[in-house]
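What follows is a set of notes on a single structure, which appears directly below.
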Amino acid sequence: MSIDDLINSALKERGGVLDAANLYALVGDTRTGELFVLNLQDFFIDNLEYFRNGEETWIILIGAYATEEAARVAIKTLNDEKPLGDGLIVSPEFHILLGNAKENKLFVLPLKEYYIGYLGLFLYKVDSGNVAISIFNTRDAAEDAIDMIRTLIMDERGNSII
């Protein structure tokens, strides 16, 4: 079992993590301005790998959706009055876990604030250097995940690398 598999398994076992297997991510490339739709769980897994390997990506999460269709409609309505469209997964309690590979840091933001801020970053083609790793139903659950990830990602001497 790989480190990423261990982390993903542990996140699910601890509870509080949003099951992203049947959800969809509207993502954007901050360099080109291109928008596309991916499976949300696959997106998070790729981002965890980028973070773990200290790599950067210009692909950012714009919104998480319950259906692929809702995510595709959001692409068409991005500049409308409701830019992220219907079907956006959001709740005042939801928080997103982010990682910055360059600074080797993990941190948590309210999901609603993330959406607003990262939509602006995408529209202005600004790279934050952060990757979205997972969405949680509470801030406490997201912060617990930071501790768990620090424990699981160790260097060969047994010291946490983050």
Every pair of residues 6+ apart whose Cβ atoms lie under 7 Å, when the first sits in the stretch 108-135 and is farther than 21 Å from Ala21 by Cβ and at pLDDT 95 or above while the second is open to solvent by less than 10 Å² (accessible area, probe 1.4 Å) and part of a helix (DSSP H, G or I): Val108/Ala142
Neighbours by Cβ (under 8 Å, 6+ apart or cross-chain): first from the stretch 22-33, among the aliphatic types (A, V, I, L, M); second assigned to a loop (DSSP other than H, G, I, E, B) and surrounded by 11 or more Cβ atoms within 10 Å (Cβ to Cβ): Leu23/Ala66; Leu23/Ile89; Leu26/Leu84
Candidates Gly87, Gly99, Gly120 - the one that is of a type in the set (Gly, Ala, Ser) and touching an Asp or Glu at 6+ places or on another chain (Cβ under 9 Å): Gly87
Residues being at pLDDT 95 or above, under 21 Å from Lys125 (Cα atoms) and either open to solvent by 50 Å² or more (accessible area, probe 1.4 Å) or in contact with an Asp or Glu (Cβ under 7 Å, 6 or more places away or on another chain) (or both) - total across the stretch 47-84: 1
Selection from the stretch 1-29 of residues that are under 21 Å from Leu123 (Cα atoms) and either at pLDDT below 65 or crowded, with 20+ Cβ neighbours inside 10 Å (or both): Tyr24, Ala25, Leu26, Val27, Gly28
Among residues of the stretch 113-134, those that are surrounded by fewer than 24 Cβ atoms within 10 Å (Cβ to Cβ), within 14 Å of Ile59 (Cβ to Cβ) and small (Gly, Ala, Ser), counted: 2
Every residue from the stretch 64-114 that is of a type in the set (Ser, Thr, Tyr), in contact with a strand residue (DSSP E or B) (Cβ under 6 Å, 6 or more places away or on another chain) and under 15 Å from Tyr24 (Cβ atoms): Tyr65
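The values are calculated or read from the model by the stated rules, or taken from the named source; none is laboratory data. Since this is a predicted model, take the numbers as computed values, not measurements. Because the Cβ atoms are built from the backbone with ideal geometry, glycine has one as well, and the counts that use them run over all protein chains shown. In case anyone asks, the SASA skips ligands and DNA or RNA and just uses the protein heavy atoms, side chains included. Shrake-Rupley method; radii C 1.70, N 1.55, O 1.52, S 1.80 Å.
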